[in-house]
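Step one of this worksheet: look at the structure below.
The values are calculated or read from the model by the stated rules, or taken from the named source; none is laboratory data. Just so it is clear, the model here is predicted, and its values are computed rather than measured. All Cβ positions, even for glycine, are placed from backbone atoms using ideal geometry, and neighbour counts span all protein chains on display. Note: areas computed on protein heavy atoms with side chains; ligands, DNA, RNA excluded. Shrake-Rupley method; radii C 1.70, N 1.55, O 1.52, S 1.80 Å.
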Amino acid sequence: MFARSIFSSYYRLLTGAALALAVFALTGCNEKAAEIVAPGRPVLVATVHYEAESPERSFVGTIKPRIEADMGFRVPGKVAKRLVEVGQTVDLGQPLATLDEVDLKLQAEQAEAEFRAATGVLAQAAAAEQRAKDLRAKGWTTDAQMDTSRAAADEARARLNRAERSVELTKNSLSYATLEADTRGVVTATLVEPGQVVASGQTAIRVARLGEKEAVVAIPETLVGRAKSGVATVTLWSEANKKYAAKLREIAPTADPATRTYLAKFSLPDAGDSVSLGMTATMTLSDSATERVAKLPLSALYSQGGDPSLYIVDDTGEVTLKPVTVKSYESDCVIISGGVDEGAKVVALGVQKIDPAQKVRVVSSLSF
């Protein structure tokens, strides 16, 4: 009995010691886990982004050629052929359309006949003048007859000169029966068809030069000054990732009576063949002289009798108080012009309760 009692006491002692060790071990693990997973103070942050104080303004425009000429025949007549179509590229001197040449050829033949007749008349008048001179030298004729022969010769020379000019004009008219391109370009409109009778100077073919292109936009009157002094860029709808530098070339002196906007033309010196006429583009106007500022929530600003400051949160969760330059205040936000870097994360709420020695945890939203 005595041995059994001793064994039972020894067993209880071992059991108590094991339980004590287990409780001590579990207590130490819990304290260690608490140290590892202890969360920082959750904070909402705002990202600093600087942009122009005067916001950019965008307008929809159209790509057009700087020079687009309405070409027409220099003589009237009946259209015989139209040799080009809309969208076709033409070179310098390429025929575009022709007129019926029957009447023009008849006029040229008539002028040639007049020239030959004038040549014969001049030869006869010149011979008569020479004979009068010879007779007058011998005293066999009067001064009156000499003057008459001289006047007839002068008239014949003038008639021949007029016939020569008539021949040249008819030759030019015959060449005008073929309408030719005066520069390299693309056909944007065809306004005549074969068989149509056209007048002199009537528009027949419209050709746009393939040189400099421009963006045409309507500018409101409040931004006319920025259009003249600001920086303009153009982006095509078909190529949204590429920007083209634009320069104001011309702006209308008066506003459109219906829309009260001013038509402005911006040249695109860097536009290549990929920029086609008629494309839709977005032109952006920005003020180059404006200051770059950042807009932040008013609750992010910290000021306890000193300079306005912001709490900056780094990647490790540490916070740093940095003074900033305040540009202006609005109803729910503050405009800063410097003091923090672009892309910095600032505490946006509860800055009065931040302890700089305590790490924080960035959250997307606060739940209560």
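Cross-link partners for Lys81 among the lysines, with Cα-Cα distance under 18 Å and sequence neighbours closer than 8 places in the same chain left out: Lys105.
Put simply, when 95-103, 212-220, 60-68 are sorted by average Cβ atoms within 10 angstrom per residue, most first, you get 212-220, 95-103, 60-68.
The value of relative contact order for the chain, using C-alpha pairs under 8 Å at least six residues apart, is 26 percent.
Once both labels are positioned 7 Å from their Cα atoms along Cα-to-Cβ, the gap between Ser328 and Arg74 label points is 6.2 nm. Placing +1 on the Cβ of every Lys and Arg and -1 on the Cβ of every Asp and Glu, with nothing else charged, gives the range 91-159 a dipole about its Cα centre of roughly 700 debye. Rounded to 0.05, the FRET efficiency of the Leu169 and Val231 pair, given R0 = 41 Å and the Cβ-Cβ distance, is 0.15.
Neighbours of Ala246, meaning other residues whose beta-carbon lies under 12 angstrom from its beta-carbon, give a summed charge of +2 when Lys and Arg score +1 and Asp and Glu score -1. Partners of Lys64 within straight-line reach, counting aspartates and glutamates whose Cα lies under 16 Å from its Cα and excluding those fewer than 8 residues away in the same chain: Glu212, Glu214, Glu250, Asp270, Asp273.
For the chain, which DSSP H helices look membrane-span-like by this rule: Cα extent along the axis of 15 Å or more and mean Kyte-Doolittle of at least 0.0? The qualifying helices are 2-37. To put it simply, the accessible area of the chain at a 1.4 Å probe is 54 percent carbon and sulfur. Working from label points 7 Å from Cα in the Cα-to-Cβ sense, the Lys247 to Thr320 distance is 4.4 nm. Taken as Cα centroids, the range 185-232 and the range 110-157 sit 59 Å apart, rounded to the nearest whole angstrom. Amide H to amide H distances under 5 Å link Leu263 with Ile219, Ala252, Asp256, where only residues 5 or more positions off or on other chains count and H is placed in the peptide plane. Cross-link reach is defined here as a Cα-Cα straight distance under 28 Å, omitting same-chain residues fewer than 8 places apart; for Lys133 none of the lysines meet it.
Computed 3J(HN,Hα) for the range 201-206, one whole-Hz value per residue from the Karplus formula 6.51 cos²θ - 1.76 cosθ + 1.60 where θ = phi - 60°, is x, 5, 5, 10, 10, 9, glycine and proline marked x. In sequence order, the range 87-97 has phi-based couplings of x, 7, 8, 10, 9, 4, x, 6, x, 10, 7 Hz under the Karplus curve 6.51 cos²θ - 1.76 cosθ + 1.60, θ = phi - 60°, and Gly or Pro positions carry x.
With a cut-off of 16 Å on the backbone N, the residues of the range 112-136 near the modelled label site 7 Å out from Arg150 along Cα-Cβ are 126-136. Residues whose amide H falls under 5 Å from that of Leu191, counting only those 5 or more places apart or on a different chain, are Ile205, Arg206, with hydrogens built in the peptide plane. Among the listed options [x] 64, 46, 42; [y] 65, 62, 37; [z] 192, 56, 40, the one matching Cα extents along the principal axes in Å as calculated from these coordinates is [z]. Checking the cross-link pairs Lys243/Lys345; Lys78/Lys171; Lys242/Lys345; Lys228/Lys327; Lys243/Lys295 against a 21 Å limit on the alpha carbon distance flags Lys243/Lys345; Lys242/Lys345; Lys228/Lys327; Lys243/Lys295 as lying beyond it.
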